[in-house]
1. Among the candidates Ala87, Ala109, Ala127, which residue alone is buried (at least 18 other Cβ atoms within 10 Å of the Cβ) and over 24 Å from Phe192 (Cβ atoms)?
2. What's the number of the condition Asn141 fails, among (1) of a type in the set (S, T, N, Q); (2) in contact with a Ser or Thr (Cβ under 8 Å, 6 or more places away or on another chain); (3) within 15 Å of the ligand (Cβ to nearest atom)?
3. Suppose we keep only residues that are away from the ligand (no atom under 11 Å from the Cβ) and out of contact with any strand residue (DSSP E or B) (no Cβ under 6 Å at 6 or more places or on another chain) within the stretch 165-179. Which one would you say is nearest to Phe40 (Cα to Cα)?
4. Mind listing whichever residues of the stretch 228-263 are among the basic types (Lys, Arg) and out of contact with any helix residue (DSSP H, G or I) (no Cβ under 8 Å at 6 or more places or on another chain)?
5. Specify the residue that is nearest to the ligand (Cβ to nearest atom); the eligible residues are those in the stretch 2-24 that are assigned to a helix (DSSP H, G or I) and either of a type in the set (Lys, Arg) or buried (at least 20 other Cβ atoms within 10 Å of the Cβ) (or both).
6. So Val92 ticks every box in (1) part of a helix (DSSP H, G or I); (2) within 16 Å of the ligand (Cβ to nearest atom); (3) buried (at least 24 other Cβ atoms within 10 Å of the Cβ) but one. Which box is left unticked?
7. Since Val210 meets every condition but one in (1) in contact with a Gly (Cβ under 7 Å, 6 or more places away or on another chain); (2) crowded, with 21+ Cβ neighbours inside 10 Å; (3) of a type in the set (Val, Ile, Thr), which condition does it not meet?
8. Which of the residues belonging to the stretch 95-117 are part of a helix (DSSP H, G or I) and of a type in the set (Val, Ile, Thr)?
Amino acid sequence: MKAHELTKHFERLFGTRPKIFRAPGRVNLIGEHTDYNDGFVMPAAVAFSTYVAVAPRPDRKLVIHSEEFPGSFEFDLDRLPERRTGAWCDYVLGVASVLRQDGHKLSGASLLVHGEVPIGAGLSSSAAVEVASALALMSLNDTQIPLPEVAKLCQRAENTFVGAKVGIMDQFVSCMGKAGHALLLDCRSLEFQLVPIPASLRLVVCNTMVKHDLATGAYNTRRAECEEGARLFATWDPAVRALRDVSLELLDQYLDDLPPLVGKRCSHVVRENQRALDAALALTEGNLLRVGTLMRDSHNSLRDLYEVSCSELDIMVEAAQDLPGFVGGRMTGGGFGGCTVNLVREEHAEDFAKRIAERYLQQAGITAQVYLCAAEDGAGELN
Ligand code: GLA
């Protein structure tokens with residue numbers, strides 16, 4: 001995206017010069033469905049971004065346009081809707097409403113949203129809109145909020161206003177991502193460690209181009225099953241507040257006492273937490289064989305125990321296995337469609353992209369989109 005094109009478009013619409021804020025989407029390398037269990041995740045921000053151009057208005061209106069989403073919206077700042085309207089502008093409105101709830105000043109604003117993160121691909125397009133909008137709205141009133149707090153505020157907007165009970169991963173990495181690195185994030189303390197991704201590797205993100213309907217409902221059911229698991233473990237060990245606190249030993253000791261489905265979900269989460277920690281160490285030590293094994297185990301566990309994969313994701317994961325330069329791959333994000341993430345040696349990346357798309361077309365009958373990515377910096381203002 002060229003910033004000056006967005007500026008020009010904004011000037012044509014609103015007759016004034018904007019500031020521009022950018023927030024990236026993400027891929028998660030490992031640690032899936034662990035964030036809402038207070039566990040560990042290891043995402044990286046990627047170059048797909050949402051840009052929000054903003055300028056103050058003399059009235060008390062919030063005017064929201066987009067280059068690619070339909071409709072344009074106008075709200076009275078003193079009578080903002082209290083819950084979702086069902087349109088894409090909910091991500092902006094939700095952030096405005098949470099800022100207001102927290103006692104921050106809001107003034108009249110014109111916003112133009114330009115989104116490059118593919119929608120519905122599980123690359124966190126919504127978190128990117130939230131974070132870029134938050135920074136844009138904050139800038140008009142010189143509101144200073146540390147970025148990790150901005151992430152929490154955006155998560156709250158999505159939980160309470162939009163009504164999706166997501167964890168903190170997407171908003172956090174969109175705020176705090178660092179070029180060339182993944183973030184090993186402790187979703188309880190929000191402490192994180194930057195894990196360098198070797199320059200010899202590319203992140204190859206393969207979009208299955210499907211998104212099955214059950215995604216939202218199933219996400220909430222999985223969360224409830226995890227909470228049920230945590231509640232039961234707490235009766236056996238009062239130190240357990242979330243599945244994060246369940247050790248592998250405790251899991252083994254009580255697995256047979258859990259309802260079978262809850263047991264499967266807990267097995268995934270407890271082991272996936274450990275895999276995220278192990279993968280961070282292996283990547284730091286350059287032990288790519290181990291990273292590959294852990295990613296493979298993660299995928300199998302999401303498929304068999306957590307049951308959030310689908311045939312298209314499984315085909316895409318299998319299609320990668322013996323391609324030259326392949327280090328490791330798995331489904332990424334919430335599941336039921338969306339993308340796989342693959343670590344691929346740089347010199348093979350383009351050929352890998354071509355060949356995996358051919359295989360996927362042959363086996364799934366769908367033309368995939370394949371993105372060659374690198375880890376990028378988190379959100380900020382464009383100069
Ligand atoms: C979605 C949510 C995240 C996380 C993942 C699964 O992307 O937004 O908070 O729970 O699913 O790891």
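1. On the way: Ala87 fails: buried (at least 18 other Cβ atoms within 10 Å of the Cβ); Ala127 fails: over 24 Å from Phe192 (Cβ atoms).
Ala109 is the lone residue from the list that is buried (at least 18 other Cβ atoms within 10 Å of the Cβ) and over 24 Å from Phe192 (Cβ atoms).
2. (3)
3. By that ranking, first place goes to Met176.
4. Pass one, the stretch 228-263, residues among the basic types (Lys, Arg): 231, 241, 244.
Correct list: Arg231 only.
5. The first filter runs over the stretch 2-24 and keeps only residues assigned to a helix (DSSP H, G or I), leaving 3-14.
Still in the running and either of a type in the set (Lys, Arg) or buried (at least 20 other Cβ atoms within 10 Å of the Cβ) (or both): 6, 8, 10, 12.
Working: Leu6: 26, Lys8: 34, Phe10: 29, Arg12: 35 Å.
Filtering first and then ranking leaves Leu6.
6. (2)
7. Tallying (1) in contact with a Gly (Cβ under 7 Å, 6 or more places away or on another chain); (2) crowded, with 21+ Cβ neighbours inside 10 Å; (3) of a type in the set (Val, Ile, Thr), Val210 fails exactly one: (2).
8. To start, the set of residues in the stretch 95-117 that are part of a helix (DSSP H, G or I) comprises 95-101.
Scanning the stretch 95-117 gives Val95, Val98.
The values are calculated or read from the model by the stated rules, or taken from the named source; none is laboratory data. Nothing here was measured: the structure is a model prediction, and the numbers come from that model. So basically every Cβ, Gly included, is an ideal-geometry build from the backbone, and we count neighbours across all protein chains shown.
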